[in-house]
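Enquirer: Structure provided below as structure tokens; questions to follow.
The values are calculated or read from the model by the stated rules, or taken from the named source; none is laboratory data. Every value quoted in this text rests on a predicted model; they were computed, and no experiment measured them. We place every Cβ from the backbone using ideal geometry, glycine too, and count neighbours over all the protein chains shown. For the accessible areas, the whole protein counts, side chains as well, though only heavy atoms, and no ligand, DNA or RNA atoms are used. Shrake-Rupley method; radii C 1.70, N 1.55, O 1.52, S 1.80 Å.
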Amino acid sequence: MTLDSRFAPADVEPRLYEGWEKVGGFACDPASQAPPFTIMIPPPNVTGSLHMGHALTFTIQDTLVRWRRMQGRDTLWQPGTDHAGIATQMVVERLLAAEGKDRREMGRDAFLERVWQWKAESGGTITTQLRRLGASLDWPRERFTMDDGLSAAVKETFVKLHNEGLIYRDRRLVNWDPKLQTAISDLEVENREVKGSLWYLRYPIEGEPGQFIVVATTRPETMLGDTAVAVHPDHPVYGALIGKWAILPLVGRSIPIVGDEYADPEKGTGAVKITPAHDFNDFEVGRRHNLPMPSVLDRQAMVTLAEIEDVMTSVPGVADPAFVRMLEGQARFAARAAIVTELERLELLEKIEPHTNQIPHGDRGGVPVEPRLTTQWYCNAGVLAKPAIEAVETGKTVFYPKQWENTFFAWMRDIQPWCISRQLWWGHRIPAWYGPDGEVFVAKDAAGAAVQALARYGHEEILTQDEDVLDTWFSSALWPFSTLGWPEQTPEVARYYPGDVLVTGFDIIFFWVARMMMMGLHMMGEVPFRTIYIHGLVRDEKGQKMSKSKGNAIDPLELIDTYGADALRFTICALTGPGRDVKLSAARVQDYRGFVTKLWNAARFCEMNGMQPEAAFDPAGVKLPLSRWLLTETNTAILEATAALEAYRFDEYAGAGYRFVWNNFCDWFLELSKPLLAEGADPAGAAEIRSVGAHVLGQILRLLHPAIPFVTEELWDRFGYGEACSLIGTSWPEPVAVPDAQQARDELDWVVRLIGQVRSVRAEMNVPPSKPSPVLLQGASDEAMGRVGRWMDAIRRLARASDVSVLTGDVPKGSALAVLDEITIVLPLEGLIDIAAERARLSKERDKLIVDAKKTRQKLDNADFVSRAKEEVVAENRERLATADSEIARLQAALDRL
RNA sequence: GGGCGCGUAGCUCAGCGGUAGAGCAUCGCCUUCACACGGCGGGGGUCACAGGUUCAAUCCCUGUCGCGCCCA
């Protein structure tokens, strides 16, 4: 074994990943006695490909999973993908369009066949990419939301909730996406600010020629469906009109003027037109006043007159059915223009004001949503939400950061009925069948519905299944248990439900987290997970959200190709603080690749110096201060890393590993070990250093494996710490007892500070490294000189000292000085240093201490401080002052001598 | 309008009652036998602003300003 001078991720990663799979490194074991640890993957869309958001969330999940696995937990990271109803249907429809085909011409069955075919060919993209990232998912357990098993779970749930009255059909306004021609849920609507106009329309008062009530509207085209004008009951002018009737222009219908507090006297004219079938607020007003609710826009948002045909009347100068009929079939915005022009011609348009308002858009289709009165399936989320709220209130499920609980509560406490039917083909078809009289039979299958129908009709009838499919999130909501085999009572359901941690972004708390909580509690009687870890968004280096359309998206696979998966993963960990977005750029990944390289090179050094794993190594048996110091530092790193992971502090975890490897292991242990390993050094000491070095390198590999699995496994295997691909299954390190730990820490701390002081003086005095100098110590204790004796070679090497000895006589002329505790360090550098520069340096040092001492003295002179502050704080300040005074005196003496 | 979060070194962020930290960037020195994807050393901050609590505030409280997000 000789390690290459460079770590080559591309050569190593595929081999190790296959190796892990081959040894069963990712597999859970339902028969295991170990406590389980479960993370359900948020199933990516089958249509998806790996983006930075995925890289973030899956790196976090894999880090947790690998860590818990090493801790001995029976770990299940459940893989799978989501059928993503609308998204997938759109993808395949686009493909068909390119072939000049249309799904409606093909028919439902042929279309679905085509989607399944597409899924078989292209649906595996993201799972392949997840492997590139190193994600240790239990692949043989991969699930898809439209699998038979998961479909059974969907049917089971639908039927149960229907039987309980929690799923029902209702005719009410829904958000209708005219582009996709389906209902969508409230959550799939996003408000966009659009610059538009406010049109002021005159509606003539019936029986009072020349009198008008003026309504302000942002949607003049829906006036065809107006069935009232509403004014605030207390409106000073219009209040008097309540009870009278207006003539609806163009249509000629008589519509009542009603009093309703919905009409805001401060807005527009204080009077609003009421179109119950095309506006959510108007719908409520319509309900309160028992108004007719004609729809005047069809599924494509084109004008349809069927429901107002019989009320259309000619009113000279006001209404002309012929004009209105001409609008039939026109798109809503074309109709708007025609209507406004016509009203203007009739002098019924008072004015137009520019107006900016929030227009609801479908998040998939991207066009304005049209509220439409239709019959849809709904889920009574209000009832299901209650136990979910309680579970979070009582801490059965905890959010990290806790902050997000407020967001969850706010949404859940005001939750609206969830529209779960979609007028699509790709998805779980609603298990409801209709008889010839429109009666609905809900059952898991057609046979079950037929039984119900027989009971009702007394004979067999032809039933037709509901054409619609369920909202994709309905099946996602069951993911935590449907993937485990439910409704079958499998060992997996018993063992891995509820899961431990759900890791996801805040953007799907409502879409997914809340619904899993509701369904999990209702169907399983238990929360789906104990902890919900919410991470931020990945942004570019300027803090902009990454998106394809903006062109600022970074492809994680390109980063992996260039820098390696470990570099990307470590960067993500290092930048992932709680509640923070992650600003990522290739430059940052490049930076952290440096850490991977550093580790590789440190390992090469270990290899070159004969450090080999020893099964029998006993940390309690080490003798050298350097060994004992390294072991205590290792303990600290282990404790820090473990605590960080327990607290979901991936930044601190990465930081602890980084500091330990770079600043402790490389900068000091390896450097200080060099003289001990050199030719002619004490063989027993060298042997101990080799043993402890190999041991700690192994601990480092364990400690960092969750974040950077590839490089650590490669080194683990190459050094022979275990069988090939065994690091993934090795135990997480634990602190060990170290003999005389404090003494080792004190000694090393002192040596480090001594070397630091000498280096600092030399650097500031511009003494070239090629010119070693003697180091003289004034006022050194026997203990200090003992340390010097033990560390002579290291000090020589690292501090560029020709010799270290006690200064007995006067300080030689032209020396540079530094202070270390009670010792004055003297570097006789006559001729090499600039006296003026040394004077400036010492003065600066002294002045800093004087300021410090002054502040401390003031504090100690304050009787309140001395009497009220904690004892140890007062003592600390006393000591600080004494040290400062002593150092000031010595620096002053040095200055005087110059 | 309601809610949440954030304003700390040039940049990205940590710290959150006891005299300011890291990484990167920057400057100087060094191609020293693991590593120039490196080593050593240095410079750089009135911790957004104004009040208050406290012996002590970057940290707690109140207000102001600026930025971002969610909901209406």
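Enquirer: Which ones in the range A:390-426 are within 13 Å of RNA strand B (Cβ to nearest atom) and among the aliphatic types (A, V, I, L, M)?
Expert: Across the range A:390-426, the qualifying residues are A:Ala410, A:Met412, A:Ile415.
Enquirer: Moving on to the next point. Any chance you could count how many residues in the range A:73-92 are more than 30 Å from A:Ser136 (Cα to Cα) and surrounded by fewer than 20 Cβ atoms within 10 Å (Cβ to Cβ)?
Expert: Within the range A:73-92, residues that are more than 30 Å from A:Ser136 (Cα to Cα) and surrounded by fewer than 20 Cβ atoms within 10 Å (Cβ to Cβ) number 1.
Enquirer: Next up: Return the residues of the range A:594-629 that are in contact with a Cys (Cβ under 8 Å, 6 or more places away or on another chain) and under 14 Å from A:Ala694 (Cβ atoms); say none if nothing qualifies.
Expert: Of everything in the range A:594-629, just one residue is in contact with a Cys (Cβ under 8 Å, 6 or more places away or on another chain) and under 14 Å from A:Ala694 (Cβ atoms), namely A:Ala602.
Enquirer: Kindly indicate which of A:Thr531, A:Thr504 is of a type in the set (S, T, N, Q), under 18 Å from the mean Cα position of the chain (by Cα) and within 16 Å of RNA strand B (Cβ to nearest atom). Let's see the steps before the verdict.
Expert: Numbers: A:Thr531 fails: within 16 Å of RNA strand B (Cβ to nearest atom).
Exactly one residue qualifies, and that residue is A:Thr504.
Enquirer: Of the residues A:Asp566, A:Asp591, which is within 12 Å of RNA strand B (Cβ to nearest atom), open to solvent by 40 Å² or more (accessible area, probe 1.4 Å), in a helix (DSSP H, G or I) and of a type outside the set (Ser, Thr, Tyr)? Walk me through it before giving the result.
Expert: On the way: A:Asp566 fails: open to solvent by 40 Å² or more (accessible area, probe 1.4 Å).
Exactly one of A:Asp566, A:Asp591 is within 12 Å of RNA strand B (Cβ to nearest atom), open to solvent by 40 Å² or more (accessible area, probe 1.4 Å), in a helix (DSSP H, G or I) and of a type outside the set (Ser, Thr, Tyr), namely A:Asp591.
Enquirer: Another question about this same structure. Which count do you get for residues in the range A:124-175 that are assigned to a helix (DSSP H, G or I) and open to solvent by 10 Å² or more (accessible area, probe 1.4 Å)?
Expert: 19
Enquirer: Just checking, does the range A:726-734 include any residue being part of a loop (DSSP other than H, G, I, E, B), under 30 Å from A:Arg69 (Cβ atoms), more than 16 Å from RNA strand B (Cβ to nearest atom) and among the small types (Gly, Ala, Ser)?
Expert: Yes, the range A:726-734 contains at least one residue that is part of a loop (DSSP other than H, G, I, E, B), under 30 Å from A:Arg69 (Cβ atoms), more than 16 Å from RNA strand B (Cβ to nearest atom) and among the small types (Gly, Ala, Ser).
Enquirer: Condition first: surrounded by 24 or more Cβ atoms within 10 Å (Cβ to Cβ) and of a type outside the set (Asp, Glu). Now tell me which residues in the range A:711-721 satisfy that.
Expert: A:Val711, A:Thr712, A:Leu715, A:Trp716
Enquirer: Then there's this: Would you call A:Val788 closer than 22 Å to A:Gly685 by Cβ and either assigned to a helix (DSSP H, G or I) or without any contact (Cβ under 8 Å) to a residue 60 or more places away in the chain (or both)? Talk me through it step by step, then tell me what you get.
Expert: Details: closer than 22 Å to A:Gly685 by Cβ: yes; either assigned to a helix (DSSP H, G or I) or without any contact (Cβ under 8 Å) to a residue 60 or more places away in the chain (or both): yes.
When the stated conditions are applied, A:Val788 passes them.
Enquirer: Based on what the data block shows, is A:Leu832 part of a helix (DSSP H, G or I), on the phi < 0 side of the Ramachandran plot, among the aliphatic types (A, V, I, L, M) and within 13 Å of RNA strand B (Cβ to nearest atom)?
Expert: Considered against the rule, which asks whether it is part of a helix (DSSP H, G or I), on the phi < 0 side of the Ramachandran plot, among the aliphatic types (A, V, I, L, M) and within 13 Å of RNA strand B (Cβ to nearest atom), A:Leu832 comes out as no.
Enquirer: A:Gln757 fails exactly one of the following numbered conditions: (1) part of a helix (DSSP H, G or I); (2) under 29 Å from A:Arg787 (Cβ atoms); (3) more than 16 Å from RNA strand B (Cβ to nearest atom). What is the number of that condition?
Expert: It is condition (3) that A:Gln757 fails.
Enquirer: Determine the pairs where a residue that is farther than 21 Å from A:Ala55 by Cα and in contact (Cβ under 8 Å) with a residue 60 or more places away in the chain, located within the range A:693-711, has a partner that is aromatic (Phe, Trp, Tyr) and surrounded by 24 or more Cβ atoms within 10 Å (Cβ to Cβ) with Cβ atoms under 7 Å apart, the partner being 6 or more residues away or on another chain.
Expert: Cβ pairs passing all conditions: A:Val696/A:Phe665; A:Ile700/A:Phe665.
Enquirer: Within the range A:796-805, can you find the residues that are under 23 Å from A:Arg745 (Cβ atoms) and away from RNA strand B (no atom under 14 Å from the Cβ)?
Expert: A:Val804
Enquirer: In the range A:647-682, which residues are near RNA strand B (Cβ under 9 Å from one of its atoms) and closer than 23 Å to A:Gly579 by Cα?
Expert: A:Arg649, A:Asp651, A:Glu652, A:Gly655, A:Tyr658
Enquirer: How about the range A:791-812: which of its residues are in a loop (DSSP other than H, G, I, E, B) and in contact (Cβ under 8 Å) with a residue 40 or more places away in the chain?
Expert: Taking the range A:791-812 first, the residues in a loop (DSSP other than H, G, I, E, B) are A:799-800, A:807-812.
Those that are in a loop (DSSP other than H, G, I, E, B) and in contact (Cβ under 8 Å) with a residue 40 or more places away in the chain: A:Ala799, A:Arg800, A:Val811.
Let's see how each residue does on (1) modelled with pLDDT of 90 or more; (2) open to solvent by 40 Å² or more (accessible area, probe 1.4 Å); (3) in contact with a Gly (Cβ under 9 Å, 6 or more places away or on another chain); (4) within 14 Å of RNA strand B (Cβ to nearest atom):
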{"position": "A:Arg762", "(1), (2), (3), (4)": "yes, no, no, yes"}
{"position": "A:Pro769", "(1), (2), (3), (4)": "no, yes, no, yes"}
{"position": "A:Glu783", "(1), (2), (3), (4)": "yes, yes, no, no"}
{"position": "A:Val788", "(1), (2), (3), (4)": "yes, no, no, no"}
{"position": "A:Ala794", "(1), (2), (3), (4)": "yes, no, no, yes"}
{"position": "A:Leu807", "(1), (2), (3), (4)": "no, no, yes, no"}
{"position": "A:Asp810", "(1), (2), (3), (4)": "no, yes, no, no"}
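Enquirer: Hey, can you tell me all the residues within the range A:234-265 that are part of a loop (DSSP other than H, G, I, E, B) and among the small types (Gly, Ala, Ser)?
Expert: Answer for the range A:234-265, where residues must be part of a loop (DSSP other than H, G, I, E, B) and among the small types (Gly, Ala, Ser): A:Gly243, A:Gly252, A:Ala263.
Enquirer: Residues of the range A:867-898 being in a helix (DSSP H, G or I), open to solvent by 40 Å² or more (accessible area, probe 1.4 Å) and near RNA strand B (Cβ under 8 Å from one of its atoms), which ones?
Expert: Those that are in a helix (DSSP H, G or I), open to solvent by 40 Å² or more (accessible area, probe 1.4 Å) and near RNA strand B (Cβ under 8 Å from one of its atoms): A:Ser867, A:Arg868, A:Val873, A:Glu876, A:Arg880.
Enquirer: Specify the residue that is nearest to RNA strand B (Cβ to nearest atom); the eligible residues are those in the range A:625-646 that are aliphatic (A, V, I, L, M) and open to solvent by less than 50 Å² (accessible area, probe 1.4 Å).
Expert: The extreme case among them is A:Ala644.
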